[in-house]
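Taken together, the values in this text are just the output of simple stated rules run on the coordinates, not laboratory data. Remember, it's a predicted structure, so these values are computed and weren't measured experimentally. Neighbour counts are summed over all protein chains in view; Cβ atoms, including those assigned to glycine, are modelled from backbone coordinates with ideal geometry.
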Amino acid sequence: MNETISRRGMLEGLAALGGAAFAPKAVLARGADNLGTTAASVGVTFGSAAGNQIYSDFSYEHLFGETRLITSEWQFKMAAVQPNQGVYEFWHADNLLNYTVRSARKLKAHCGFWQAFNPSWMSGLSTSQLQYTFDKHIDTIIPRYAGKVYAWDVANEPFWPADNNPGGFGGGPWYQAFGSGWVKRAFQRVSALDPTAKLYLNEAQCDNNGNGLGPVIRPALLNLVSDIKNAGLRIDGVGLESHLDMGMPYDDVQFGAYCNQLAGKDVKISISELDVRDFSLPDDPATRDKAIAARIQSFLTQALKSPAVDQIVTWGLSDKYSWLKGLWLDQRGATFRQPRPLLFDENMQKKAAYTAVGNALNSRKRA
Ligand code: G3I
């Protein structure tokens with residue numbers, strides 16, 4: 001296996017490793033009263049995505065004592081692992097794996113293949129070169145982490161109806177390479193190279209009815225899961241991202257029923273990227289926090305009525321490091337407003353959203 005590790009990657013990796021090597025004990029000790037414990041009491045694994053901030057901001061890293069599972073926010077994506085063609089940089093992925101092993105948490109590697117945010121060197125490749133890249137990438141990265149990562153988000157967001165492809169599949173490099181079959185190809189090859197990792201298909205938009213995407217993607221996702229199963233391939237779970245938006249209409253009872261439909265395909269369900277976009281709300285933080293908490297509690301309470309929902313993963317833990325920060329700036333220009341999408345504020349203090357998750361989990365006890 002010809003893995004060239006670039007000098008830049010080595011330097012970056014050493015820097016990240018330095019931080020990771022000194023993570024305080026807090027993460028290694030599981031609190032008695034935290035969301036991970038509450039979730040476990042009702043058969044749910046609570047987790048969060050993690051960026052590299054956990055190595056440098058110990059007040060943030062301390063919050064991960066709430067979690068039993070960590071999803072890589074970007075460290076296992078192609079742009080991080082193969083930033084240049086044929087040149088692999090495993091530093092970020094290895095460091096996060098080491099961190100989760102040391103802190104006795106499961107690691108979900110996100111993601112094998114996505115048609116967005118791929119490294120720039122891929123843009124000019126021919127179909128046959130993309131096919132080679134797809135297979136070679138799997139053959140290189142999956143064996144390296146086989147038996148070490150708890151799960152893979154094998155394929156991320158395969159659907160994008162706006163591209164007008166049959167079945168609502170999104171266009172992009174992997175669709176160019178193999179048509180809609182890229183998803184099954186990924187599951188087949190990953191399963192053969194890592195028989196122990198749980199294999200997930202991860203999709204967005206299934207939670208809402210406000211942008212025309214949910215009503216199209218929900219049935220398409222059901223069909224794809226059936227396709228994968230009918231091909232005799234292993235798929236263990238489906239991630240429903242759940243990037244909620246206060247400007248959208250929701251039918252949480254309908255979402256709970258959809259979870260049951262998916263469960264009927266013999267897959268587990270992860271609420272895999274939970275956060276709440278508050279761009280449509282007034283500035284007052286207390287007003288936003290209250291509305292967001294109510295949204296989360298209603299959404300999770302209905303989802304948790306489906307026994308197949310056994311993972312709740314937030315897309316970060318503190319507003320300080322949410323991916324939505326950049327989006328607000330992009331969409332609103334110079335006047336920056338700190339979004340409040342997560343369970344802890346930018347000073348690492350619990351918010352009403354934290355309590356809402358605990359209330360929803362405890363609602364399963366009364367069911
Ligand atoms: O890749 C570089 C890395 O080489 C470098 O060393 C590191 C230094 O911090 O930065 C990395 O840069 C950026 C990375 O975030 C860390 O900030 C990438 O350029 C940037 O593209 C990446 O953005 C991520 C994005 O997915 C694209 O991968 C966001 O953090 C992440 O929150 C977002 O998450 C997506 C899910 O994967 C799928 N669902 C939607 C969700 C939100 O868009």
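Here are some notes:
- Between 85, 291, 307, the Cα set farthest toward the positive side of the dipole of the chain (charges on each charged residue's Cβ, about the Cα centre) is that of 307.
- Normalised by the number of residues in the chain, the mean separation of alpha-carbon contacts (under 8 Å, six or more apart) gives a relative contact order of 15 percent.
- Over 32 Å (Cα to Cα) - which of 106/351; 106/184; 184/320; 106/136; 108/365; 265/350 fall in this group: 184/320; 265/350
- Per the Debye calculation on the range 3-366 with a single equal scatterer at every Cα and no solvent contribution, log₁₀ I(q)/I(0) for q = 0.14 Å⁻¹ amounts to -1.27.
- Classified by the C-alpha gyration tensor, the range 33-99 has a prolate form. Its axis ratio a/c, with a ≥ b ≥ c, is 1.5 or above, and a/b is larger than b/c.
- Amide H contacts of residue 206 (H built 1.01 Å from N, in plane; Pro and chain starts excluded): 241, 242 sit under 5 Å, all sequence-distant by 5 or more or on other chains.
- The chain: DSSP helices with Cα axial extent of at least 15 Å and average Kyte-Doolittle hydropathy no lower than -0.5: 7-21, 182-193, 214-230, 252-263, 285-303
- Amide H within-cut-off set for residue 160, under 5 Å, with H built and near neighbours excluded: 169, 170
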